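Notes follow the structure.
Rule-based calculations on the coordinates, nothing more; no lab input. Note that the coordinates shown come from a computational prediction; the quantities given were computed from them, not determined experimentally. When we count neighbours, we look across all protein chains shown, and the Cβ atoms used for this are built from the backbone with ideal geometry, even at glycine.
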Amino acid sequence: MRIAILGVGQLARMMALDGIAMGVEFSFLKLPGEDSRCVDCLGSVVTAGPQDSCASLFEALGCPDVITTEKEGVDVDFYEQFSSHCAVYPSSRAVWISQNRLREKTFLNDQGVPTAEFAPATSLEEIAPAAERLGYPVIVKTQENGYDGKGQWWLRSEADIASMQGAEASGPWLLEKVVPFECEVSVVAARSSAGQVEVYPLAENVHRDGVLLTSVVPVESISQAQSDEVKRHITRLLQELDYVGVLSMECFVTESGIVANELAPRVHNSGHWTQNAVPAGQFEQHVRAVLGFPLAPPEMSGAAGMLNLLGVQATAEQALRANHHWHWYGKEVRSGRKVGHINVTAPNLLALKSALAKLQAEIYA
Ligand code: ATP
Ligand code: MG
Ligand code: MG
């Protein structure tokens, strides 16, 4: 079996690392100029030039059984073309919906999944009236291509619109009412081409400067009913999209219930803890799902967590203590860049949080 992945980053790397252990072969498609050092040792890397036809790329990729993606920012028409050669999972429709915040939130609401109130704006002039309608404070987000909190402006009042000067070309935007959340959680789930669905336990996520820093499982400050509600939501989305592969959803937990923030049609940074805490982590589960293999039930005992290495190295002494698992992406270390993570497991949440806090204090000293 062979899987070709669109993308050459750490998510592609970790998918391949798990798939190779199962005897699956991999190839990777990159855009000109993309650095493929994360995956160079894991399979052939093909560069998609502007003149290359889908048929010739399919052949260069070794005629894979499945094409999948590690990112939502792909040209969906290009992605869809592969479906005349092999299976394309997740579908281009699922990717198309999640790559635009307006389509995504509209879809979530249509499926009965609550989100922040939102309004689109196509020019800077439309921002003030839209914000007035929603009521300040609001967050303005680029509809496409934003990640790690980039392409966002927090507006407390009309005067703050001045902070968007120079951002004219980044539109269209989506305005969202600021959600007063108690904590942020995410859920990662998989559906196989045979229709089997498995949902991992929810993780509680903490961000630093808009970038995920830690994930912790189980989530302390959420009721069983709320956790079940999130799992029901993602199961409905998987079924409605006839989805194949891993799908992730970030949510806010508020006093008045669960509010979905965004979808990722792929494995997710907040699901990295699964690598060392359940029988099959999200990367293996994705490989199983797209190849139509049985999914592994996400049974877990005790607690698990993850610390992202953002522009920092860790020593083996820090990263390889008992119940600590070091994942390094082979990238050049640059300020703030995701270069690796450490997963930690513990018998209970208290022990987990204490181990994670110790690790974080040492690494970010
Ligand atoms: P990611 O890297 O997760 O894809 P992103 O750039 O797509 O991030 P969001 O996840 O939408 O951006 O927002 C980044 C963070 O900003 C959220 O994790 C949350 O902390 C905060 N945030 C976003 N939208 C809202 C909102 N409507 N109300 C309150 N906080 C918000
Ligand atoms: Mg996002
Ligand atoms: Mg997010």
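Tell me the relative contact order for the chain as a rounded percent, counting alpha carbon contacts under 8 Å between residues six or more apart. Before the final figure, lay out the partial values.
On the way: 756 pairs, mean separation 50.9, N = 365.
Taking the mean separation of contacting Cα pairs over the length of the chain, I get 14 percent.
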Average silhouette area of the stretch 23-119, convex hull of alpha-carbon atoms, in square nanometres = 8.3 nm²
Nonlocal amide H pairs with Thr254, under 5 Å, H built at 1.01 Å = Glu182, Val259
Histogram of C-alpha separations across the stretch 10-59, 10 Å bin width, % = 25, 49, 24, 2
Karplus 3J(HN,Hα) series, Hz, for the stretch 352-363 with 6.51 cos²θ - 1.76 cosθ + 1.60 (x for Gly, Pro) | 5, 5, 5, 5, 5, 5, 5, 4, 4, 5, 6, 6
If the chain between Ala169 and Arg133 were fully stretched, how many nm would it gain, using 0.36 nm times the residue separation less the Cα-Cα distance?
-> 10.6 nm
Contact order normalised by residue count of the stretch 243-312, Cα under 8 Å, 6+ apart, percent | 27 percent
Karplus ³J(HN,Hα) for the stretch 231-245 (6.51 cos²θ - 1.76 cosθ + 1.60, θ = phi - 60°; Hz, whole; x = Gly/Pro) runs 5, 5, 4, 5, 5, 4, 5, 4, 6, 4, 7, 6, 6, 10, x
Most positive-pole-ward Cα, Ser301, Ser84, Gln196, against dipole of the chain from beta carbon charges = Ser301
Could you rank the peptides 222-233, 186-197, 129-140 by their average count of other C-beta atoms within 10 Å per residue, with the highest value first?
-> 186-197, 129-140, 222-233
For the stretch 303-365, the charge dipole (Cβ of Lys, Arg +1; Cβ of Asp, Glu -1; about the Cα centre) points to a positive end, and the Cα of His325, Gly311, Ser354 closest to that extreme belongs to Gly311
Ranked by how many other beta carbons lie within 10 Å on average, peptides 2-15, 257-270 from highest | 2-15, 257-270
Bridge type composition, the chain - antiparallel percent by DSSP, nearest 5 | 80 percent
Taking the Cα centre of the stretch 186-234 as origin, work out the dipole magnitude from +1 charges on Lys and Arg Cβ and -1 charges on Asp and Glu Cβ, in debye rounded to 20.
-> 160 debye
Please turn the phi angles of the stretch 117-125 into ³J(HN,Hα) values with the Karplus equation 6.51 cos²θ - 1.76 cosθ + 1.60 (θ = phi - 60°), one per residue in order, whole Hz, x for glycine and proline.
-> 5, 9, 8, x, 9, 9, 9, 4, 5
Return the single residue from Gln318, Gln275, Gln51 with maximal mean-square fluctuation; model: Gaussian network over the chain, springs between Cα atoms under 10 Å.
-> Gln51
Might you report the magnitude of the Cβ-based charge dipole of the chain about its Cα centre, with Lys and Arg at +1 and Asp and Glu at -1, to the nearest 20 debye?
-> 720 debye
Taking Cα centroids, how far is the stretch 111-155 from the stretch 37-103 in Å?
-> 30 Å
For the charge dipole of the stretch 101-241, defined by +1 on Lys and Arg C-beta atoms and -1 on Asp and Glu C-beta atoms about the Cα centroid, which residue among Ser221, Thr235, Gly146 has the Cα displaced farthest towards the positive pole?
-> Thr235
So which lysines can Lys105 reach, going by Cα to Cα under 16 Å and dropping same-chain residues fewer than 8 places off?
-> Lys141, Lys177
Lysines whose Cα lies under 20 Å from that of Lys331, excluding same-chain neighbours fewer than 8 positions away = Lys30, Lys71
Please state the relative contact order of the stretch 176-254 as a whole percent: Cα pairs under 8 Å, 6+ residues apart?
-> 45 percent
Fewest to most Cβ atoms within 10 Å: Trp153, Trp173 sort as Trp153, Trp173
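Nothing charged except the Cβ atoms of Lys and Arg (+1) and of Asp and Glu (-1): what's the magnitude of the dipole of the stretch 1-114 about its Cα centre? Round to the nearest 20 debye.
Details: 9 positive and 15 negative charges, 55 e Å.
The dipole of the stretch 1-114 has a size of about 260 debye.
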Amide H proximity to Ser91 below 5 Å, modelled H, separation 5+ or other chain, gives Val244
